[in-house]
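The values are calculated or read from the model by the stated rules, or taken from the named source; none is laboratory data. Small disclaimer: the values here were computed from a predicted structure and weren't measured. Because the Cβ atoms are built from the backbone with ideal geometry, glycine has one as well, and the counts that use them run over all protein chains shown.
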Amino acid sequence: MNVDLEDLADGYNHRPISVASLARARRAAASVRLRRGDVAVDIGGGRGRHAAEWTKSEARPIVVDPARGMLQAARAEPGVVPVCGVAQALPFAGGTARLSYFHLSIHYGDWRLALDEAMRVSADGAECWIWTMGEEHHRASFLAKWFPSVGEIDSVRFPDPALLADYLGARGCEVETGKETELKVMRAGTWRAAVEARFVSTLQLLSPDELARGLVHFDRVNPDPNAPVDYVLTFDWIRAVVKPLQ
């Protein structure tokens, strides 16, 4: 399933960063105790807002992303270093990162290669944090309510969080997992415009007919563009500590 990442970068104009999302980035930094000079890599980090949170600890945050539009936005974040690349071939030497971070990006490409690369660039005692979504979210998502194919598409695209945890455990990591929900609230017209801009990559994979039908249905149920709509995102998180070599 191919996604145009440059179009997605444009769609992110309709996807403002949330307070909860920034808190997730700070949580990872606090967990690994990022210090001055530590390298922290946001893999598939897009516009760099998560990485920008790590400058508060005087770490060296790096955003790796293949989309020029994403990296251009990341350059505007003071202290953030944007690097063009993909998760499956990180352009860094081994053992250099104190933190590797995936926020809704582990489903782009081969996730096993991505985790292998994250482990390769991680120093002993480093942490790898993954925020993703599992079946609990896919089938009940707000998008799937209007566009039924979304659940099936995302079930294929997103790796099972349990598989991610097991894979990291097999690599010798100490693994912790959990779930977290985030309530999103926006005006109906704002959400509709975001969908038309394909602010979520899965929307690029829908047929034009399904997209049009879903928007007609949404407009019937939400005729006032200024009325609020709310929905819940259910995240699975995985924290993996890279154990020092014995």
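Couple of notes before you dig in:
- Residues in the range 191-231 that are closer than 30 Å to Glu176 by Cβ and out of contact with any helix residue (DSSP H, G or I) (no Cβ under 8 Å at 6 or more places or on another chain): Asp230 alone.
- Qualifying residue in the range 218-230 (condition: surrounded by 13 or more Cβ atoms within 10 Å (Cβ to Cβ), at pLDDT 95 or above, farther than 20 Å from His103 by Cβ and in contact with a His (Cβ under 7 Å, 6 or more places away or on another chain)): no
- Only one of the numbered conditions (1) surrounded by fewer than 23 Cβ atoms within 10 Å (Cβ to Cβ); (2) touching a Pro at 6+ places or on another chain (Cβ under 9 Å) is not met by Thr96, and that is (2).
- Here is the figure for the range 150-168: residues that are farther than 11 Å from Trp237 by Cα, in contact (Cβ under 8 Å) with a residue 60 or more places away in the chain and either in contact with a Gly (Cβ under 9 Å, 6 or more places away or on another chain) or exposed (fewer than 13 other Cβ atoms within 10 Å of the Cβ) (or both) total 1.
- Considering Ala89, Ala28, Ala74, the condition of being surrounded by 14 or more Cβ atoms within 10 Å (Cβ to Cβ) and either at pLDDT 95 or above or of a type in the set (Ser, Thr, Tyr) (or both) is satisfied by Ala28 alone.
- The one condition from (1) in contact (Cβ under 8 Å) with a residue 12 or more places away in the chain; (2) surrounded by fewer than 19 Cβ atoms within 10 Å (Cβ to Cβ); (3) over 19 Å from Trp237 (Cα atoms) that Pro16 does not meet is (1).
- Number of the exception - Asp124 against (1) under 17 Å from the mean Cα position of the chain (by Cα); (2) touching a residue at least 60 places away in the same chain (Cβ under 8 Å); (3) surrounded by fewer than 15 Cβ atoms within 10 Å (Cβ to Cβ): (1)
- Residue that is nearest to Leu115 (Cα to Cα), among those in the range 214-246 that are in contact (Cβ under 8 Å) with a residue 60 or more places away in the chain and over 23 Å from the mean Cα position of the chain (by Cα): Lys243
- Meets criteria (surrounded by 15 or more Cβ atoms within 10 Å (Cβ to Cβ) and free of Cβ contacts under 8 Å to residues at least 12 places away in the same chain) for Ala144: yes
- Residue tally, condition among the small types (Gly, Ala, Ser) and over 15 Å from Trp237 (Cβ atoms), over the range 170-184: 2
- Every residue from the range 48-59 that is surrounded by 24 or more Cβ atoms within 10 Å (Cβ to Cβ) and out of contact with any Lys or Arg (no Cβ under 9 Å at 6 or more places or on another chain): Ala51
Conditions tested, residue by residue: (1) more than 25 Å from Arg60 (Cα to Cα); (2) in contact with an Asp or Glu (Cβ under 8 Å, 6 or more places away or on another chain).
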site: Ala93; (1), (2): no, no
site: His103; (1), (2): no, yes
site: Arg112; (1), (2): yes, no
site: Ser122; (1), (2): no, no
site: Pro159; (1), (2): yes, no
site: Leu183; (1), (2): yes, yes
site: Arg187; (1), (2): yes, no
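- Selection status of Glu174, farther than 28 Å from Asp7 by Cα, surrounded by fewer than 17 Cβ atoms within 10 Å (Cβ to Cβ) and acidic (Asp, Glu): yes
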